[in-house]
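Report on the following structure.
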Amino acid sequence: MSHHKGHHRDTDLLHIGSAAFDPATECAPVNTPSIRTSTVRFKSLQALDEVLAKRASGQPAITYGIAGLDTHRALEEVFMTLENGSYCVLSASGLASIHLVFMATLKSGDHVLISDNVYGPVRNLNETLLKKLNIEATFFSPAHDDLASLIRPNTRMLYLESPGSLLMEMLDLPSLAAQAKAHGLVVAVDNTWGTYLYEPLTLGADISIIAGTKYVSGHSDLLLGAVVAREDAIAKQIHQMQYAIGNSVSADDVWLALRGVKTLSVRLREHARHAKTVSQHLANHPKVSRIYDPAWSQDPGHELWQRDCRGANGLISVSLNCTPEQARDFVDRLTLFGIGFSWGGFESLVQWVNPSVLENHRYWTEHGKAVVRLHIGLEQPEDLIADLDQALSILPDPA
Ligand SMILES: *Cc1c(COP(=O)(O)O)cnc(C)c1O
């Protein structure tokens with residue numbers, strides 16, 4: 001690989017995964033191809049023994065196709081570069097990466113503290129799996145609760161998301177991580193929002209999780225997750241659990257993600273610019289109550305965002321001066337925004353947020369008001385604004 005560290009990160013991201021030259025022809029394709037294989041062949045039994053010994057010592061080692069070959073290594077290098085980490089494990093989805101972290105870090109009888117703003121399916125993971133394994137979770141509000149008073153003798157992990165799902169609640173990660181570390185906890189952060197923009201490992205976390213499904217892919221055509229760590233002991237636990245549970249990603253999906261990375265910085269800047277233009281319009285609209293986006297100057301998390309983040313993206317939430325029921329008509333009326341979960345692709349999406357979910361987030365204070373989450377895509381912002389305006393026009397005038 002002809003990749004030299006020390007350039008601007010954008011430059012490095014473009015050159016990771018350059019294919020090696022063929023010694024016979026002295027030429028190479030630009031990109032590492034998708035290397036599809038179910039297994040790998042060894043030149044001799046001795047070569048196999050050496051690889052097995054490496055794996056037994058907890059180091060990443062290829063003994064079978066499950067962890068992939070050069071295509072996978074290149075994407076792992078991308079995530080390590082983005083996250084300022086030393087180890088990376090890929091999974092078949094962002095949620096599979098979250099599952100991997102919980103399984104690698106916790107055992108029966110342990111307790112985990114989880115911020116109440118996390119990606120919704122983490123609660124389902126708790127109900128469906130953690131409870132069954134006798135792992136106890138406490139969902140807490142970083143804005144309201146004193147972390148130290150919630151830590152018990154059997155608490156092992158602090159699991160956070162910053163900015164949080166749905167309301168983009170920005171956390172003071174360095175402070176929370178320092179408190180948790182003082183009690184010997186492992187700190188894991190879902191950094192899907194922060195891909196390219198935020199570095200939990202640099203701010204004190206031990207583990208960063210990224211759903212590559214979102215901005216890394218950028219084209220809504222694959223599912224993929226990554227877990228990035230820095231310390232050998234934590235990386236060893238994650239690798240061992242990964243071997244134990246048999247998580248794997250198709251080389252074709254990895255290849256598509258690598259292709260997405262080439263335009264990641266350019267796409268993010270455009271998403272952020274469009275989101276800001278849309279927010280400026282919506283903030284002045286009488287039917288809009290509030291913009292939830294730490295990059296927005298009036299967001300309560302804006303100072304933390306300025307301190308800890310490198311930029312913004314296209315994900316915002318908006319509360320409307322109407323009931324959640326009334327907002328359903330608004331959502332149905334939009335034409336450029338697809339109704340759907342997920343985000344991070346080139347296209348605009350809208351999610352009608354169920355109020356029962358918001359009640360789980362103690363950061364939420366506008367009870368009774370509707371919230372829609374918008375992913376502002378790469379369509380021209382004037383077109384998006386016109387679409388939002390025509391849909392807002394059917395909502396009742398605020399009293
Ligand atoms: C989408 C998302 C995930 C899960 O990713 P999948 O690949 O869809 O499983 C995890 N965390 C956050 C914050 C997400 O937005």
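The values are calculated or read from the model by the stated rules, or taken from the named source; none is laboratory data. If you're wondering where the values come from, they're calculated on a predicted model, not measured in any experiment. Neighbour counts run over all protein chains shown; Cβ positions are idealised from the backbone, glycine included. For the accessible areas, the whole protein counts, side chains as well, though only heavy atoms, and no ligand, DNA or RNA atoms are used. Shrake-Rupley method; radii C 1.70, N 1.55, O 1.52, S 1.80 Å.
Exactly one residue out of 38, 34, 108, 44 is within 30 Å of residue 199 (Cβ to Cβ) and polar (S, T, N, Q): that is 34. Residues of region 248-264 that are within 20 Å of the chain's Cα centre (by Cα) and open to solvent by less than 20 Å² (accessible area, probe 1.4 Å): 249, 254, 257, 258, 260, 261, 264. Residue 150 passes every criterion in (1) open to solvent by 10 Å² or more (accessible area, probe 1.4 Å); (2) in contact with a strand residue (DSSP E or B) (Cβ under 7 Å, 6 or more places away or on another chain); (3) closer than 16 Å to residue 343 by Cα apart from (3). Among residues of region 28-53 that are over 23 Å from residue 253 (Cβ atoms), those with a Cβ under 8 angstrom from a residue that is in a loop (DSSP other than H, G, I, E, B) and of a type in the set (Ser, Thr, Tyr), sequence gap 6+ or separate chain, pair up as 48/63; 51/63; 52/63.
Matching residues to (1) open to solvent by less than 40 Å² (accessible area, probe 1.4 Å); (2) small (Gly, Ala, Ser):
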site	(1), (2)
174	no, no
177	yes, yes
184	no, yes
187	yes, no
201	yes, no
205	yes, yes
208	yes, yes
218	yes, yes
222	yes, no
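For residues in region 153-170 being open to solvent by less than 10 Å² (accessible area, probe 1.4 Å) and either away from the ligand (no atom under 13 Å from the Cβ) or at pLDDT below 95 (or both), which is farthest from the chain's Cα centre (by Cα)? This residue is 155.
Residues in region 232-247 include at least one that is farther than 23 Å from residue 167 by Cβ, in a loop (DSSP other than H, G, I, E, B), within 15 Å of the ligand (Cβ to nearest atom) and open to solvent by 10 Å² or more (accessible area, probe 1.4 Å). Do we find that residue 197 is open to solvent by less than 50 Å² (accessible area, probe 1.4 Å), assigned to a loop (DSSP other than H, G, I, E, B) and without any contact (Cβ under 8 Å) to a residue 40 or more places away in the chain in this structure? No.
Condition check for residue 341 on (1) exposed (fewer than 15 other Cβ atoms within 10 Å of the Cβ); (2) modelled with pLDDT of 95 or more: one failure, at (2).
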